[in-house]
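What follows is a single structure, and I will ask about it in a moment.
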Amino acid sequence: MATKRKADEEKLRRRRLARFRFRRLVHVVIFNRHWIAEIEDQDIGNNVHRNVAIIERRLTRKGTLTIIDKRILNSRPEERTEDHRRTLRTVLRKLECMRDFSKHQLDELAGCVAFQYLEPGRVILREGHEPVSVYFVADGEVTVSRRQWDWVSRAFLDVPCGTRTRGQMFGEITLLQQGIRRTATCTTATACELLWIGRREFERILKGTLLERWRQLQLALERFDYFQYWTTDQFYEYCILSRIVSFEPQQKIPVDVDRSNAYFVLSGQCMILQCLTVARTVAGSYRLLPLQGTVGVEHRFIDVGTLSCGAVFGLGEPLEHRMVVARTAVQCLTVPRNWLLAKRQNVGNTWERLRMRLEAAIPSRRQLFEQFVRGQRWRRYRKQLVDAFVRRNPRNDPAITRPTDVPIICRVEQGDIDG
């Protein structure tokens, strides 16, 4: 009897173990299906060695991390060789938030950073919890939300206030400020591949650099009166979302391509160039064409105006056929426009009024074309007048010309009259 009971218990134990192993296998497959999807099946056959060689050649994909990168990231820090750290340094350099870090910092991060894959709808950070780590988005999108009281449902609801996408960092605010808990909840909006480090590693490697970056952003903010009434929370969000970027002389500022940011000029000067696509008529005049003209058109770039220190642009003003180019070495503070136009940061409709003022100060394309035509007529008339005078007053040596030989109207410089 005892022997039969023991055999039944052994059979039950094996059945439970088999069920556990099967569930564990299913869990591993589900967890890693994002990786498995990277391997195309049409080249996989029965030859194991060939299959391994094919997989080894597929080291890259359209995302940031490869299968080899993830294998290294899932290994223990003490097991990572110098080649592994060099590979991870290259990966970390691809993330936008790490481009300003030194080689030594990247090497330190390569020795301790870890990988995590999360499905959509998973909570990464919870508002009010104790901070223990910092995250970097390798792929995917993370929704940032805050708890706000809803008077209709009479309950606290998570209200989205921003997103974090590939190359961005989140979770560092509470680690930079001592004694505060998480200020927002971060949830995966899509399948996400994340890199993360613990609090101790963050304080040892990145805290000093990020505090200095925050100090520079604060100094940049103090140069504009628009932000003097911002709260501490608004300043924290600003430090996370904003950047200071530099441009060389004659370098185009991508405000017409990247319309997600507003630009605040910290130093230097920018010029606004308007492109006029014109074509000559039979009568010798010009007519204005769309930018995509046919053969025989001319592209004329007109310097419309100058944006100096303290100027703001990229608030949604029309940029059709227009570009902004650095006249000198320029430093700009970039702030996400959607966040800036939110009600909390747009008290008194400040940014809309600034945009309308900028639009009123810049002539339209039609007005610039009319000025261009008048200028061409003036230059043509001046040349005809000089040629006619030379024909009426021939000289033995045409190279010898005195000022009195040129009509006074042709020697008058055109300028603006202050009214």
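The values are calculated or read from the model by the stated rules, or taken from the named source; none is laboratory data. Keep in mind that this is a model prediction, so the values were computed, not measured. Don't worry about glycine lacking a Cβ; one is built from the backbone with ideal geometry, like all the others, and counts go over all protein chains shown. These accessible areas exclude ligands, DNA and RNA; they are computed on the full protein's heavy atoms, side chains included. Shrake-Rupley method; radii C 1.70, N 1.55, O 1.52, S 1.80 Å.
Sort 229, 286 by accessible area with a 1.4 Å probe, largest first. Please list the in-between numbers first.
Working: 229 185, 286 20 Å².
So, going from the largest accessible area down, we get 229, 286.
Express in nm, to one decimal, how much length is gained between residue 147 and residue 122 on full extension, taking 0.36 nm for each residue of separation and deducting their alpha carbon distance.
Gain on stretching residue 147 to residue 122: 7.3 nm.
For segment 113-258, rounded, prolate or oblate, judged on the Cα gyration tensor with a ≥ b ≥ c (square roots of eigenvalues), a/c < 1.5 rounded, else prolate if a/b > b/c?
Values: a/c = 1.42, a/b = 1.26, b/c = 1.13.
Because its axes are fairly even, with a/c under 1.5, segment 113-258 counts as rounded.
If each residue of separation counts as 0.36 nm, what is the full-extension length gain between residue 234 and residue 191 once their alpha-carbon separation is subtracted?
Working: separation 43, 0.36 × 43 = 15.48 nm, distance 2.87 nm.
Extra length from residue 234 to residue 191 when fully extended: 12.6 nm.
What is the spin-label model distance, in nm, from residue 81 to residue 347 if the labels are put 7 Å beyond Cα along the C-beta direction?
Going from the residue 81 label point to the residue 347 one covers 6.0 nm.
Test of understanding: what is the full-extension gain from residue 298 to residue 360, defined as 0.36 nm times their sequence separation minus their Cα-Cα distance? Write out the running numbers ahead of the final one.
Numbers: separation 62, 0.36 × 62 = 22.32 nm, distance 2.71 nm.
Fully extending the segment from residue 298 to residue 360 adds 19.6 nm.
Counting only protein heavy atoms and using a 1.4 Å probe, what share of the accessible area of segment 298-344 belongs to carbon plus sulfur, as a whole percent?
Values: 1140 of 2110 Å².
The value for segment 298-344 is 54 percent carbon and sulfur by accessible area.
Size of segment 53-193 along its principal axes in angstrom, Cα-based, largest extent first?
So the extents along the principal axes, rounded to whole Å, are 60, 36, 25.
Quick check for you: with a 1.4 Å probe and neighbouring chains kept, what is the accessible area per residue of segment 213-256, in Å²? Write out the running numbers ahead of the final one.
Details: 2580 Å² over 44 residues.
Averaged over the residues of segment 213-256, the accessible area is 59 Å².
Continuing with this model, one more query. Could you work out the Kirkwood radius for segment 208-292, taking every pair of different alpha carbons, averaging 1/r and inverting it, reported in Å? Let's see the in-between values first.
On the way: mean 1/r = 0.0598 Å⁻¹.
So the Kirkwood estimate lands at 16.7 Å.
Sticking with this one: Taking every alpha carbon pair in segment 139-206, what does the distance histogram look like in 10 angstrom bins from 0, in percent?
Histogram of Cα-Cα distances, whole percents per bin: 18, 40, 32, 9, 1.
Taking a threshold of 29 Å on the Cα-Cα distance, which of the pairs 103/343; 94/252; 11/70 fall above it?
Working: 103/343 40 Å; 94/252 23 Å; 11/70 39 Å.
Distance filter (> 29 Å) returns 103/343; 11/70.
Stokes-Einstein D for segment 298-403 at 20 °C, 1.002 mPa s, Kirkwood Rh over Cα pairs, in µm²/s? Intermediate values should be presented prior to the final figure.
Working: Rh = 18.4 Å.
Translational D for this selection: 116 µm²/s.
How large a share of the accessible area of segment 157-229, in percent, is made up of carbon and sulfur atoms when the probe is 1.4 Å and the other protein chains stay in place? Could the numbers behind the result be given before it?
Values: 1780 of 3680 Å².
In segment 157-229, the share of accessible area belonging to carbon and sulfur is 48 percent.
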